[in-house]
Amino acid sequence: MSKEDATAAADAITAYDPDKVVGEAKPWQLGFQEAVTPVMQKIRGLHDHFVLYIITVIAVFVLCLLGYVCVRFRASANPTPRNFSHNTLIEVIWTAVPIIVLVAIGVPSLRVHFAYDYNQNIISHPDLTLKVVGHQWYWSYEYPDQGFGYDSNVTQDKDLKNGAPRLLTVDNPLVVPVGKVVKVQVTGADVIHDWSVPAFGIKQDAVPGRLNEVWFKAEKEGIYYGQCDQLCGKFHGFMPIEIHVVAPEVFAEWADAAKVKYASNGNVEFAALQQRK
């Protein structure tokens, strides 16, 4: 396969199709994006079915209490202010209740956190490994098992096609297979960045000199977007993340073409060897 043919084949798989977009913020959206990984499903369930109820009750209670105080203790109704400084019962209540609320929220939150960050059984046995490096201001991706890598830059406005979203589309998207465990090793080349994909429930700092690990298993094919979530310089807003989740056989087809397309970016001899096999 020539490089021109490989480039055309790889680009055809990652071409923008509005019908395939799943992980993108919608106008006037109030809630989370659709959860497509086990971890994000747990995060959304924790928020939508537990934390949201608690904070709603607290907000309504505080609003009612504030309204009551404004009316009951207004100057016209109390020309002579009351003179007191302590109420032991109230002080015990407003100390104990927040502690109970924080513990109630903290325990399930820690369970989700440990499932996300510290599940060594999953991290140690991935189906695919990726290395992500944050730069000012673009991302570099490496597929160590497949033997190639490439840079991913934001697509300029003049190059956007078919209505692709501005400041989210990139020239070289990431491609992963659906239903597979993907281990992502994240680091930074210059300053601290943050690799964040809302629909996957991923938010991992890219710290120079440190290799952080995270994982995901996307359970729905489609196009997903993310961004750098750590202020990293004047073009911080111009280093988006675009991920295409495809069927395993399509991923294999894309990987074969990508080895040739990106051969000059990595080990040329290795990529050529893979094509001869």
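Values for this structure:
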| quantity | calculated |
| --- | --- |
| Yes/no for Asp127 being of a type outside the set (Gly, Ala, Ser), under 26 Å from the mean Cα position of the chain (by Cα) and modelled with pLDDT of 90 or more | yes |
| Sole residue being farther than 20 Å from Phe251 by Cβ, surrounded by 10 or more Cβ atoms within 10 Å (Cβ to Cβ) and charged (D, E, K, R), chosen from Glu91, Glu142 | Glu91 |
| Enumeration of residues in the stretch 28-40 that are surrounded by 12 or more Cβ atoms within 10 Å (Cβ to Cβ), outside any helix (DSSP H, G or I) and of a type in the set (A, V, I, L, M, F, W, C) | Phe32, Ala35, Val36 |
| Odd one out for Ala25, checked against (1) in a helix (DSSP H, G or I); (2) surrounded by 13 or more Cβ atoms within 10 Å (Cβ to Cβ) | (1) |
| Residue within the stretch 25-36 that is touching a Lys or Arg at 6+ places or on another chain (Cβ under 9 Å) and without any contact (Cβ under 8 Å) to a residue 60 or more places away in the chain present | yes |
| Hey, Val132 touching a strand residue (DSSP E or B) at 6+ places or on another chain (Cβ under 7 Å) and modelled with pLDDT of 90 or more or not | yes |
| Candidate set: the stretch 220-274, residues that are open to solvent by 70 Å² or more (accessible area, probe 1.4 Å) and among the polar types (S, T, N, Q); chosen: the one modelled with the highest pLDDT | Gln227 |
| Candidate set from the stretch 145-159 (those that are surrounded by fewer than 18 Cβ atoms within 10 Å (Cβ to Cβ) and at pLDDT 95 or above); member that is nearest to Ala189 (Cα to Cα) | Asp151 |
| Condition check for Tyr16: hydroxyl-bearing (Ser, Thr, Tyr), part of a loop (DSSP other than H, G, I, E, B), surrounded by 11 or more Cβ atoms within 10 Å (Cβ to Cβ) and touching a residue at least 40 places away in the same chain (Cβ under 8 Å) | yes |
| Qualifying positions in the stretch 110-124 - modelled with pLDDT of 80 or more and among the small types (Gly, Ala, Ser) | Ser124 |
| Count of residues meeting criterion [in contact with an Asp or Glu (Cβ under 8 Å, 6 or more places away or on another chain) and within 15 Å of Val132 (Cα to Cα)] in the stretch 200-224 | 7 |
| Any hit, the stretch 41-55, residues being open to solvent by less than 80 Å² (accessible area, probe 1.4 Å) and of a type in the set (Ser, Thr, Tyr) | no |
| Pairs, first in a strand (DSSP E or B) in the stretch 222-247, second of a type in the set (S, T, N, Q), C-beta under 6 Å, six or more apart | Gly226/Ser196; Pro240/Gln227; His244/Thr14 |
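Yes or no, residue by residue, for (1) among the polar types (S, T, N, Q); (2) in contact with a helix residue (DSSP H, G or I) (Cβ under 8 Å, 6 or more places away or on another chain); (3) open to solvent by 60 Å² or more (accessible area, probe 1.4 Å); (4) farther than 15 Å from Val214 by Cα:
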residue	(1), (2), (3), (4)
His125	no, no, yes, no
Leu128	no, no, no, no
Lys161	no, no, yes, yes
Lys180	no, yes, yes, no
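The values are calculated or read from the model by the stated rules, or taken from the named source; none is laboratory data. Note that the coordinates shown come from a computational prediction; the quantities given were computed from them, not determined experimentally. Every residue, glycine as well, gets a Cβ built from its backbone with ideal geometry; the counts of neighbours run over all protein chains shown. Keep in mind that these areas ignore ligands, DNA and RNA; they rest on the heavy atoms of the full protein, side chains included. Shrake-Rupley method; radii C 1.70, N 1.55, O 1.52, S 1.80 Å.
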